[in-house]
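The structure appears right after this line, and notes come after that.
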Amino acid sequence: MISKDNAEHYIWGDGCDGWYLLKRQDMLIIHEKMPAHTQEKRHYHSVSRQFFFVVQGILTMELEGKKQQISALQGVEIPPEAKHQARNDSDSAVEFIVISHPTTRGDRSDLPG
């Protein structure tokens, strides 16, 4: 059994938290928490396909230049090569699950801006 309580923890970005729920080459599942008014760097993955599923709060996902608000119990698919950026534009923390197939490790290219 795996949860935030016993998963390997890491810190990314500006005070954001992540927990590895499944860490394999063929699939990566992470639980992430972004404090209010934080964001990741805009980037893309050449091979990996991702699915973001919001557990709590509202995640703003910029996908190929268009912003979408994803509420709790909603998700969005990010295909390979799609330029994207997860943002928390709200005043509360947002928590979400990210499923990546295959892993995104070594398959990330950051973009300017």
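The values are calculated or read from the model by the stated rules, or taken from the named source; none is laboratory data. Here the structure is a predicted model, which is why all the values come from computation and not from measurement. When we count neighbours, we look across all protein chains shown, and the Cβ atoms used for this are built from the backbone with ideal geometry, even at glycine.
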### Query
Residues in segment 82-104 that are among the charged types (D, E, K, R), assigned to a loop (DSSP other than H, G, I, E, B) and more than 19 Å from Arg42 (Cβ to Cβ): how many?
1
#### Entry: Pairs where the first residue, in segment 12-23, is on the phi > 0 side of the Ramachandran plot and the second is in a strand (DSSP E or B), C-beta under 9 Å, 6+ apart
Gly13/Met34; Gly13/Thr38; Gly13/Gln39; Gly15/Met34; Gly15/Thr38
### Task
Assess whether Glu77 counts as being at pLDDT 95 or above, exposed (fewer than 13 other Cβ atoms within 10 Å of the Cβ), part of a strand (DSSP E or B) and under 14 Å from the mean Cα position of the chain (by Cα).
yes
#### Entry: Selection from segment 1-34 of residues that are modelled with pLDDT of 95 or more, surrounded by 15 or more Cβ atoms within 10 Å (Cβ to Cβ) and assigned to a loop (DSSP other than H, G, I, E, B)
Ala7
